[in-house]
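Just so it is clear, none of the values below were taken in a lab; they were calculated from the coordinates. The shown structure was predicted, so the numbers you read here are calculated from the model rather than taken from an experiment. Note that each Cβ is placed from the backbone with ideal geometry, even for glycine, and that neighbours are counted across all protein chains shown.
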Amino acid sequence: MEYAQKIEQLIGVVVSQGASDLHLEAGVQPIIRVSGALTPILSEPVLSDEDTLGILTVMLSPESKKRFLETQEIDFSYTYDNSARFRGNGYFERGRVGIALRFIPKVIRSIAELNLPPVLEKFAARKQGFFLVVGPVGQGKTTTLAALLEKINMERTEHIVTIEDPIEYLFESKQSLIDQREVRIDTDSFETALHSVFRQDVDVLMIGEMRTPETMATAVTAAETGHLVFSTLHTNNTTQTIDRIIDSFPPAQQEQIRIQLAASLAGIFSQRLIPRVSGGLVPACELLINNVAVANLIREKRTHEIQSVIETGFEDGMIDLNRSLSDLVRAGEITLENAYTRSLNPKNLERLL
């Protein structure tokens, strides 16, 4: 098998079918994800062990291949002919090589084009603060962050620095100057890059993912000291996100991070991508905006009460997930069944429908 040619063929299928993901594993045909559902590419043969390793080798540098064989997994990005870009993960499964590729569109879509709430534009207009986009894997968090950064890039003269593993969306400097740094290629680690960023005259900072307490602490401090900071976490909702950050620290440090978070947090946006009745995916979302009431609840260890603030904070711009789901059902965008499966409180959703 000519592996470079095979990648070209598979990328053509991903693009033509509007797929979000491509899965390659030995013993099965290549599989794509379209509108949330996995579908085998029936025109393709079953892949062998040699095929999956060969395909992965084409996408990796010699250094990355060596690291993959040593550690048995690797994150990477892959660009084909400047027309298609992917975030990839190589791994072993029962001794066989597997590859998961997420398609990253070349064009960065706007908040409106992504069917996201217009209130998000207010966070792109801020000069400082800490804004998080959260949700399970594969729910569009990176795409939402890219839309926010691109809005800043088009409208403001700022120095934007992104720290990613790997770099996903590629930005071109417009009104802003954008530097994108990839872990292990441009910097040793998230922590090393974050220590350096304060000496780089940065205005806006995007951290691809907050993985360690040190990363979280530095991000919060950056927001406190006059920077606008964006990042992501794999959490289910806004209140869980606050608890996850605080609980990541040793008990002796939790009070300090609680105070800092109450002061620096701008907001938390949680989203889910749900199959649309007419085809494709549509986002349902929850938005917490930090105000005096929310900050007090964070400081006073009463985060369990924040959900009530969200549910009653519509006039302040807050969005309740159940209300978002019920609006989509009434608009005929999603099915009732899909709304219930995405709700974190089905009984409350039932009252809204």
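Residues whose amide H falls under 5 Å from that of LEU281, counting only those 5 or more places apart or on a different chain, are ARG276, with hydrogens built in the peptide plane. Ranking LEU42, VAL28, THR71 by how far each Cα lies toward the positive end of the dipole of segment 3-104 (charges on Cβ) leaves THR71 at the top.
For HIS227, the residues whose modelled amide H falls within less than 5 Å of its own, excluding neighbours fewer than 5 places apart on the same chain, are GLY129. Remark: segment 88-99, residue by residue, has Karplus-estimated 3J(HN,Hα) of x, 9, x, 7, 9, 9, 6, x, 10, 7, x, 9 Hz, where x stands for each Gly or Pro and the curve is 6.51 cos²θ - 1.76 cosθ + 1.60 at θ = phi - 60°.
Here the residues LYS141, LYS6, LYS347, ranked from fewest to most Cβ neighbours within 10 Å of their Cβ, fall in the order LYS347, LYS6, LYS141.
Ranking LEU116, THR144, ILE104 by Cα position along the charge dipole of segment 104-211, where only Lys, Arg, Asp and Glu carry charges on their C-beta atoms, puts LEU116 farthest toward the positive end.
Contact order, relative form, for the chain: 13 percent (alpha carbon pairs under 8 Å, 6 or more residues apart, mean separation divided by residue count).
The length gained on full extension between LYS106 and GLU121, counted as 0.36 nm times the residue separation minus their Cα-Cα distance, comes to 3.3 nm. Of the peptides 162-171, 34-43, the order by per-residue mean of other Cβ atoms within 10 Å, starting with the highest, comes out as 162-171, 34-43. The residue list TYR3, THR218, THR232 was ranked by how far each Cα lies along the charge dipole of the chain toward its positive end, using unit charges on Cβ atoms, and THR232 comes out on top. Relative to one another, the C-alpha centroids of segment 215-290 and segment 57-105 are positioned 29 Å apart. Based on DSSP H segments of at least four residues, each scored -39500 (n - 2.57), the chain has a per-residue ellipticity at 222 nm of -11500 deg cm²/dmol. As a quick test, which of the pairs LYS65/LYS141; LYS127/LYS174; LYS127/LYS301; LYS106/LYS174; LYS301/LYS347; LYS66/LYS141 have an alpha carbon distance above 21 angstrom in this structure? The answer is LYS65/LYS141; LYS127/LYS301; LYS301/LYS347; LYS66/LYS141.
Give me the extension gain from LYS174 to THR192: residue separation times 0.36 nm, minus the current Cα-Cα distance, reported in nm with one decimal. Taking 0.36 nm per residue and subtracting the Cα distance, the gain is 3.8 nm. Relative to the current alpha-carbon distance between HIS234 and HIS159, full extension at 0.36 nm per residue lengthens the span by 24.3 nm.
When LEU60, LEU288, LEU149 are arranged by Cβ crowding within 10 Å, least crowded first, meaning fewest neighbours, the order is LEU60, LEU149, LEU288.
With neighbour counts taken as other beta-carbon atoms within 10 Å, the residues THR312, THR221 rank, fewest first, as THR312, THR221.
Residues whose amide H comes within less than 5 Å of that of THR187, counting only those at least five positions distant or on another chain, are GLU182 (H built at 1.01 Å from N in the peptide plane).
Computed about its Cα centre, the charge dipole of the chain is approximately 620 debye, with only Lys, Arg, Asp and Glu carrying charge at their Cβ. Between rounded, prolate and oblate, where does segment 270-319 land on the alpha carbon gyration tensor, with a ≥ b ≥ c its root eigenvalues, rounded for a/c under 1.5, else prolate if a/b exceeds b/c? Because a/c hits 1.5 or more and a/b exceeds b/c, segment 270-319 counts as prolate.
Counting only DSSP beta bridges with both residues in the chain, the antiparallel share comes to about 60 percent.
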